[in-house]
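Sending over a structure as structure tokens; questions will come in a sec.
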Amino acid sequence: MEAARDRLAPDVVAAGLQVLFCGINPGLMTAATGHHFARPGNRFWPVLHLSSFTPRLLKPSEQGELLSYGLGITNVVARATARADELSANEYREGGRLLAAKVGRLRPRWLAVVGVTAYRAAFDDRRAVIGPQERTFGSTRVWVLPNPSGLNAHWTATTMAEEFGRLREAASEGPREAAQDQ
């Protein structure tokens, strides 16, 4: 796994997605396999299915199928590490800047950042909480979701699926409303 350190994991993206999920940064398993949220204890894929974003439980190796559901995956910081605490404050801030530019190009309906700590660090928003945010990027709304890492004991797969489901419902509601950058 150590050989995967600092590698990049390719985004799974397209223009006009319903939801662009954004992880903190690739873990070593993701970098080694090229598949997002690949670590066996990560609950992203089960929660995506439990919340009805996908009709069946996808494996990390099937991540390309997300595009057919209007979903995609990127990261705040592209560099792979064993733990998110190996990232510097500058990496988070630069990642937030690059992510804002990516969202501006791709124009997803929602940007869903998985991890409130990563969102706070990337966008210097110390008061952010789980749920929809006031910040927008053009017409893209922002939702902060719980981190699906198996290390996040504050959230169960069931409670995470409820929050992901709230986002799914919001993403399926009516036409896009024009919003201004904040």
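The values are calculated or read from the model by the stated rules, or taken from the named source; none is laboratory data. Here the structure is a predicted model, which is why all the values come from computation and not from measurement. Neighbour counts are summed over all protein chains in view; Cβ atoms, including those assigned to glycine, are modelled from backbone coordinates with ideal geometry. To get the accessible areas, we keep the full protein, side chains included, count just its heavy atoms, and leave off ligands, DNA and RNA. Shrake-Rupley method; radii C 1.70, N 1.55, O 1.52, S 1.80 Å.
How large is the charge dipole for region 44-182, taken about the Cα centre, if only the Cβ atoms of Lys, Arg (+1) and Asp, Glu (-1) carry charge, to the nearest 20 debye?
220
Rank these residues by their accessible area, most exposed first, probe 1.4 Å: Tyr92, Tyr119, Tyr69.
The residues order as Tyr69, Tyr92, Tyr119, largest area first.
When the Karplus curve 6.51 cos²θ - 1.76 cosθ + 1.60 is applied with θ = phi - 60°, which whole-Hz ³J(HN,Hα) does each residue of region 15-20 get, with x for Gly and Pro?
Karplus-based 3J(HN,Hα) across region 15-20 equals 6, x, 5, 5, 9, 9 Hz.
Using the heavy atoms of the protein chains alone and a 1.4 angstrom probe, what is the accessible area of the chain per residue in square angstrom?
Value for the chain: 49 Å² per residue.
Any idea how far apart Ala153 and Glu169 come out in nm if each label point goes 7 Å out from Cα toward Cβ?
Each label point is offset 7 Å from its Cα along the Cβ direction, giving 3.1 nm.
May I pose another question? Take every DSSP beta bridge whose two residues both sit in the chain, then give the antiparallel share in percent to the nearest 5.
For the chain, the DSSP antiparallel bridge percentage is about 30.
A follow-up question, please. Calculate the spin-label point distance for Leu57 paired with Asp11, positioning each point 7 Å from the Cα along the beta-carbon direction, and give it in nanometres.
Here the modelled spin labels are 3.0 nm apart.
Compute the relative contact order of region 114-179 as a whole-number percentage, counting only Cα pairs closer than 8 Å that sit 6 or more residues apart in sequence.
Worked out over region 114-179, it gives 32 percent.
Can you list the residues, at least 5 places off or on another chain, whose amide H is less than 5 Å from the amide H of Arg39, using H built in the peptide plane?
Counting only residues 5 or more places away or on other chains, the set is Thr30.
Could you give me the percent of Cα pairs per 5 Å distance bin for region 19-172, shortest bin first, beginning at zero and ending with the bin that holds the maximum distance?
Going from the shortest bin to the longest, the percentages are 2, 10, 20, 25, 23, 16, 5, 0.
In sequence order, what are the phi-derived ³J(HN,Hα) couplings for region 76-84 according to the Karplus relation 6.51 cos²θ - 1.76 cosθ + 1.60 with θ = phi - 60°, rounded to whole Hz, with x for glycine and proline?
With coefficients 6.51, -1.76 and 1.60, one gets 5, 10, 7, 6, 7, 9, 6, 9, 5 Hz.
Run the accessible area of region 19-172 with a 1.4 Å probe and give the carbon-and-sulfur part as a rounded percent.
Heavy-atom surface of region 19-172 belonging to carbon and sulfur, 1.4 Å probe: 53 percent.
Any idea which of Val103, Ala122, Gln63 is furthest toward the positive side of the dipole for region 19-172, if Lys and Arg beta-carbons carry +1 and Asp and Glu beta-carbons -1?
The residue sitting farthest along the positive end of the dipole is Val103.
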